[in-house]
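Read through the structure below, which is laid out as structure tokens, and then see the notes.
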Number of protein chains: 2
Amino acid sequence: MAVASRPRIALDAFGGDDCPDPEIEAAVASARSGIQILLVGDQEILRSKLAKFGDASTLAIEIVHAPDKIVMSDSPGKAIRAKPAASMPTAFDLVKQGKADAVVSAGNSGAMLACGLFKFGRTKGVDRPAIVTTFPTVRGRCCLLDMGANIECRPLHFAQFAVMGALFARSYLPSFGDAAAGITVPRVGVLSNGTEESKGTDLTRSAHSIFKEHRSDDFHYLGYVEGKDIFRGKVDVVVTDGFTGNIALKVAEGTVYAFTDLLRQSVHAGSVLSKLGALLLKPTFRALKLRVDPDVQGGAPLLGVRGTAVICHGAASAIALANGVKMAANLVALDYGPHLADALLRHEALFAGARSTGGAVEVA
Amino acid sequence: MAVASRPRIALDAFGGDDCPDPEIEAAVASARSGIQILLVGDQEILRSKLAKFGDASTLAIEIVHAPDKIVMSDSPGKAIRAKPAASMPTAFDLVKQGKADAVVSAGNSGAMLACGLFKFGRTKGVDRPAIVTTFPTVRGRCCLLDMGANIECRPLHFAQFAVMGALFARSYLPSFGDAAAGITVPRVGVLSNGTEESKGTDLTRSAHSIFKEHRSDDFHYLGYVEGKDIFRGKVDVVVTDGFTGNIALKVAEGTVYAFTDLLRQSVHAGSVLSKLGALLLKPTFRALKLRVDPDVQGGAPLLGVRGTAVICHGAASAIALANGVKMAANLVALDYGPHLADALLRHEALFAGARSTGGAVEVA
């Protein structure tokens, strides 16, 4: 896919829980920063809401009409057939037609996966596309996949997740700053309930035995990682199934919120001195929030489809959505797709081994 | 099992990663607080180390000789047959012989489960004993099971976990203080990757459909809970398989450590004022640490065996081990076993339904 000089992002205006206000605000912020936005959704609503921004008429925002919308309770597969004129599939169509370079949406992630499969198609060599997310560690940044697209997995999928994740870590993590800039051979681990080989499920043990026999210049397999290791920067890529990955990430998110909440309760119940301390630490907390907040990272790309799609949190704020748009623009600039296809080709032996382990391969 | 007026706890002195020093320190602290300790392990080592404590000769600590020890790399099932004179199985034997009321160990949790099964035997009505852990939420405390004993589960096991967890929440959580004192009908949830019924795995969906048809005075089933909900106090009991439970808890643990580490880094790199702020907040952080630290809670009981056993973290400190001993003494005082047997009997209909869903029942 040719890369436009100025990235053109199709932003689903009716994806998130509070749509379309955060989406419109994100569109304006992105356009002001030089990204071309195709804002997809009900044009009347979008036009009247956009008018409230003073410079709307001069901004690079084009409204693309899509009267329908896919909601969280929709069944993913059915929704994109039943609602072809919904904002999400329309945004994917824009990329397919060459009118946009990438899609960003805070909508139903199952429907995003379905759109990725049916509109873009899978990358050659990928059986299951995966959603990859990145998060801060004490040493830098790490990425984890799958975070929810594939609930039940087989060793073959883990092998493909490792290859996709390693390339993503090497090419994308450096954009988060110096800490991750040095990744040349990403370290990969399989998430398990202990580091000993005897731990894990049938799935993790099969994947582990395949990985440990495989030599690759693209990644270095370190073995099992535990839940407590993933924020320690022990590996650059954590491979897991979508059920476990989703729970791990949401637990981490919930823990940060609970911890800050409990801290707030303690400060509130504490002495005047502790209140003063909290006040003095405010800038530090704010800086830390910038580092750990999912808002900063913006979104999670869908890897393994022939096009760029970034999935944002359903409750994504305008800032998160704008960062998701920026991430999509960066991915387009990296021209990630052809590199991924090459990397997958280099690991055909790994996949062949995994295929013979995990049974027949489902084709979507 | 009759309850001694002063609880007698068999403490495995050669369980934890740094044994036997933390164990000995915990034994002394527990004995000083009025608990009778049977300290199990190599008597020569224990005798010479105990002698360093001034009041050792007057304390209620009895050394029980066990020359061997089970290590983390031992295969659980084999270890207890191959090493019958190891400290862990010897501690279980003391309870079996009526010389102690409960076992506490920071050793191999798989071996603890095996000892529970082979030395104590399962409680009638339980197919798979489970390890239950408790943790703080923004509203009080919550318990989660299984946290690692059962890697692959069936709906029947989830049904039994719910009954065991609900009774534990009602009878034990109040001992943590006011916040949890009001639990009369514990709220139970199944951990999943979303709250919608369509989410989850085959296992969670089967369990969900069985729970939602079941009416019980012992617990109230609320449906799926997400990773981010478990620290919000949405439910009192989280039911999950041992693989997912272990990862969820270790992620939470890792997140707290990473967050405080990042905060420390930020303070270090920050202004003089932020350093002053951190200093003033120190007492608050210390109080919060007491609330969230796994050390305070001490251990995780093994539920569903005919005897009391508390499993501590391999890296448990002396404080954690002493709290584990206290937890074991509290559980003995509650005389939990007969209540559990009754509760299980009351839910035979739930189990019968679950049995017909999940295939044949394995017998250990």
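Computed from the coordinates by the stated procedures, all read-outs in this text should not be read as laboratory data. Fair warning: this is a prediction, and the values are worked out from it, not measured in the lab. Here Cβ is always computed from backbone atoms with ideal geometry, including for glycine, and neighbour counts include all displayed protein chains.
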Self-check item: For chain A, built as a Gaussian network whose Cα springs stay under 10 Å, the top-fluctuating residue of A:ARG264, A:ARG232, A:ARG122
Solution: A:ARG264
Exercise. Have a look at the DSSP beta bridges in chain A and tell me what percent are antiparallel, nearest 5.
Key: 25 percent
Self-check item: Amide H partners (placed H, <5 Å) of A:TYR221, local residues excluded
Solution: A:VAL188
Quiz prompt | segment B:84-125 shape via C-alpha gyration tensor axes, a/c threshold 1.5 | solution = oblate
Self-check item: Convex hull projection area averaged over all views, segment A:125-227, Cα basis, nm²
Solution: 6.5 nm²
Quiz item: So what are the radius of gyration and Dmax for the Cα set of segment A:13-96, in Å?
Solution: 13.0, 40
Quiz item: Which translational diffusion coefficient, to the nearest whole µm²/s, is obtained for the protein assembly as shown from the Stokes-Einstein equation, given a Kirkwood hydrodynamic radius over C-alpha pairs, 25 °C and 0.890 mPa s?
Solution: 90 µm²/s
Exercise. In whole Hz, with x marking every Gly and Pro, tabulate ³J(HN,Hα) for segment B:209-226 from phi via Karplus 6.51 cos²θ - 1.76 cosθ + 1.60, θ = phi - 60°.
Key: 5, 6, 4, 6, 8, 9, 9, 9, 7, 8, 7, 10, 7, 9, x, 6, 10, 9
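Which value, in debye to the nearest 20, gives the size of the charge dipole of the protein assembly as shown about its Cα centre, when Lys and Arg are +1 and Asp and Glu are -1 at the Cβ? List each step's numbers first, then the result.
Values: 78 positive and 72 negative charges, 149 e Å.
So the magnitude is around 720 debye.
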Exercise. Determine the distance separating the Cα centre of segment A:1-60 from the Cα centre of segment B:198-266; give it in Å without decimals.
Key: 37 Å
Exercise. With 24 Å as the limit, write out which pairs from A:LYS289/B:LYS228; A:LYS228/B:LYS212; A:LYS289/B:LYS282; A:LYS250/A:LYS289; A:LYS250/B:LYS234 have Cα-Cα distances beyond it, or answer none.
Key: A:LYS228/B:LYS212
Self-check item: Among B:LEU344, B:LEU276, B:LEU50, residue whose mean-square fluctuation peaks in a GNM of chain B (springs only between Cα atoms under 10 Å)
Solution: B:LEU276
Quiz item: Which far-off residues, 5 or more places away or on another chain, put their amide H under 5 Å from the one on A:ARG141, with H placed in the peptide plane?
Solution: none
Quiz item: Could you give, in nm with one decimal, how far B:PRO174 is from each other copy of that position, shortest first, with labels 7 Å out from Cα toward Cβ?
Solution: 6.2
Self-check item: Evaluated over segment A:146-301, the Cα radius of gyration and Dmax, each in Å
Solution: 18.6, 60
Exercise. Quick one: net charge around B:GLY15, please, counting Lys, Arg +1 and Asp, Glu -1 for every other residue with C-beta under 11 Å from its C-beta.
Key: -3
Exercise. Pairs of Cα atoms under 8 Å, at least six residues apart: use those to get the relative contact order of chain A, whole percent.
Key: 22 percent
Quiz item: What are the principal axis extents of the Cα atoms in segment B:216-344, in Å, biggest first?
Solution: 61, 36, 25
Self-check item: Counted charge near A:ALA343, where neighbours are those whose Cβ lies closer than 10 Å (Asp, Glu -1; Lys, Arg +1)
Solution: 0
Exercise. Output, in nm with one decimal and in ascending order, the distances from the A:THR260 label point to the matching label points of the other copies (7 Å from Cα along Cα-to-Cβ).
Key: 1.9
Quiz prompt | Top of B:VAL138, B:VAL238, B:VAL71 by mean-square fluctuation, Gaussian network on chain B, Cα under 10 Å | solution = B:VAL138
Practice problem: Using DSSP, restrict attention to beta bridges with both residues in segment A:79-224 and report what percent are antiparallel, rounded to the nearest 5. | Solution: 50 percent
Exercise. Diagonalise the Cα gyration tensor of segment B:94-164 and give the resulting equivalent ellipsoid semi-axes, square root of 5 times each eigenvalue, largest first, whole Å.
Key: 23, 17, 12
Exercise. Mind jotting down the three principal axis lengths of chain B based on Cα atoms? Whole angstrom, largest first.
Key: 62, 61, 37
Practice problem: Taking the Cβ of B:MET72 as the centre, find all other residues whose Cβ is under 10 Å away and add up their charges (Lys, Arg: +1; Asp, Glu: -1). | Solution: -3
Quiz item: Among all the lysines, which ones have a C-alpha under 23 Å from B:LYS49's C-alpha, if same-chain residues fewer than 8 places away are not counted?
Solution: B:LYS69, B:LYS326
Quiz item: A:ILE63's amide H: which non-local residues (gap 5+, or another chain) put their own amide H closer than 5 Å, with H modeled 1.01 Å from N in plane and none for Pro or chain starts?
Solution: A:LEU39
Quiz item: Tell me, what HN-Hα J-couplings in whole Hz come from the Karplus equation 6.51 cos²θ - 1.76 cosθ + 1.60 at θ = phi - 60° for each residue of segment B:313-323, using x for Gly and Pro?
Solution: 4, x, 8, 4, 7, 4, 5, 4, 5, 4, 5
Quiz item: Any idea what the A:LYS282 label distances to the other copies are, label 7 Å down the Cα→Cβ vector, nm, shortest first?
Solution: 2.4
Quiz item: HN-Hα J couplings of segment A:269-282 from phi, Karplus 6.51/-1.76/1.60, θ = phi - 60°, integer Hz, Gly and Pro as x?
Solution: 7, x, 6, 4, 4, 5, 5, 5, x, 4, 5, 5, 8, 3
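Antiparallel versus total DSSP beta bridges in the protein assembly as shown: what percent is that, nearest 5? Don't skip to the end; give the middle numbers.
Details: 18 of 76 bridges.
Bridges in the protein assembly as shown are about 25 percent antiparallel.
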